[in-house]
Amino acid sequence: MQIGVVGKANVGKSTFFKAATLMDVLIANYPFATIKPNHGVGFVKIDCTDTFFETQCNPREGFCINHKRFVPVDIIDVAGLVPGAHEGKGLGNQLLDDLRQAHALIHVVDFAGTTNERGEPVSPGSRDPYDDIKFLEEEIDFWYLGILNKGWEKFARQLQQEHVDPCKALGKQLSGLMVTEEMVEDVIRKLNLPKEQVTTWTDRDLMDIARALRKITKPMIIAANKMDIPIAQENYRKIRFEHPELIIVPCSAESELALKEAAKHQLIKYVPGNSDFEFINEEKLTEKQKFALNFIRDNVLKKFVEGTGIQQCLNAAVFNLLKYIAIFPGGVNKLTDQYGRVLPDCFLMPPGTTALDFAYRLHTDFGKNFIKAIDVKRKLPVGKDYPLKHLDVVEIHSGK
């Protein structure tokens, strides 16, 4: 799974990325500080299933704090997009191509309105954040349309003359965007377009197809950044009221980065996603540092139920948008691996995952030679078509 961090230039994308991954990236107050995409590992936070077995897990990947399991996900941060990106402006086509394999997008928006449409600094409140939300949606819609529209008239005539299923043909043409034949079939049916007369489809029809497929293959959550600035809070309330269909998480990337850096240097105890922290080496902090941390506590953590919002954005992208579930491999009589690690692995799986799907995820031979699976928590055998649930622990039995 890959999560794309996107947005206009100079809105705090790289700060968000660094706060999520603690990778060293260039953070600068000018457009195109990021040119090449940054790849890093972030983590989603779940309730660890080790509490069910009254034990303490030992993750092979990720980590666990106070029975909160942090499972790794791939995150990509691309350079800031500018108006006309789909036309190639500001390296637009290259940057959009970097997002092809992203399963979901986190759109970082400057909710304080301190950057104009080109990503240049302006005074707070000068820019309406909703304009930035629509700008990026439209750029990606037009990017999809450009790929769909390439040589469309000739393509449509050929489909109609040769009686080729347009769903199969378009699914193949757009497969690089993670579009499938089934997705195209569903969209065309919902738009009530005649499959046998593709040459009659209008430019508006193609735009509707592009927009619908973008929403399916690149679902988006809005990270309402810079919430430590008062005007951002006003904008957040206004946009939430006027556009309830949007998934918006208030956040402060700078605050999360400051907290994680302080925790990294053992100055505070802080669990990502929590709404407070604890000083542990307060005497090592300067007055300026203590003031900054207390400011974050009073003006960010205590004002929003969702802490700084960074962890909540990652969780919302994986579990709310993509509907993924977390599954642990384990055994009824043994929860450890050969090295004695308890519940060492946790896999993020798409919705509808069956016991057989999970067997294949563990190893191809387990899937090919599947006999049965056991729901370890209930100690019950289940068949290959059994749908797994979030936080299940599963033991696979196979012929090998």
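The values are calculated or read from the model by the stated rules, or taken from the named source; none is laboratory data. Being a predicted model, the structure only gives us computed values, none of them experimental. As a convention, Cβ positions derive from the backbone with ideal geometry for all residues, glycine included, and neighbour counts pool all protein chains shown.
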Residue check, GLY367 exposed (fewer than 14 other Cβ atoms within 10 Å of the Cβ) and of a type outside the set (Phe, Trp, Tyr): no
Selection count, the range 186-217, where residues are hydroxyl-bearing (Ser, Thr, Tyr), surrounded by fewer than 15 Cβ atoms within 10 Å (Cβ to Cβ) and under 18 Å from PHE142 (Cβ atoms): 1
ALA224 vs. criteria of a type in the set (Gly, Ala, Ser), in contact with a helix residue (DSSP H, G or I) (Cβ under 9 Å, 6 or more places away or on another chain) and at pLDDT below 95: no
Top-ranked residue of the range 227-243 - restricted to ones that are at pLDDT below 95 and assigned to a loop (DSSP other than H, G, I, E, B), ranked as surrounded by the most Cβ atoms within 10 Å (Cβ to Cβ): MET227
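Would you point out which residue out of LYS379, LYS372 is in contact with a strand residue (DSSP E or B) (Cβ under 7 Å, 6 or more places away or on another chain), without any contact (Cβ under 8 Å) to a residue 60 or more places away in the chain and among the basic types (Lys, Arg)?
Result of the check over LYS379, LYS372: LYS372.
So that you can scan it fast, the table gives a plain yes or no per residue for (1) outside the structural domain of GLU245 (by TED's automatic domain parsing); (2) within 23 Å of ILE310 (Cα to Cα); (3) β-branched (Val, Ile, Thr); (4) touching a Ser or Thr at 6+ places or on another chain (Cβ under 6 Å):
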| position | (1), (2), (3), (4) |
| --- | --- |
| VAL108 | no, yes, yes, no |
| GLY113 | no, yes, no, yes |
| LYS134 | yes, yes, no, no |
| LYS150 | yes, no, no, no |
| GLU162 | yes, no, no, no |
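Determine, yes or no, whether GLN289 is without any contact (Cβ under 8 Å) to a residue 60 or more places away in the chain and either farther than 17 Å from PHE63 by Cβ or in contact with a Pro (Cβ under 9 Å, 6 or more places away or on another chain) (or both).
Details: without any contact (Cβ under 8 Å) to a residue 60 or more places away in the chain: yes; either farther than 17 Å from PHE63 by Cβ or in contact with a Pro (Cβ under 9 Å, 6 or more places away or on another chain) (or both): yes.
Taking the combined requirement at face value, the residue satisfies it.
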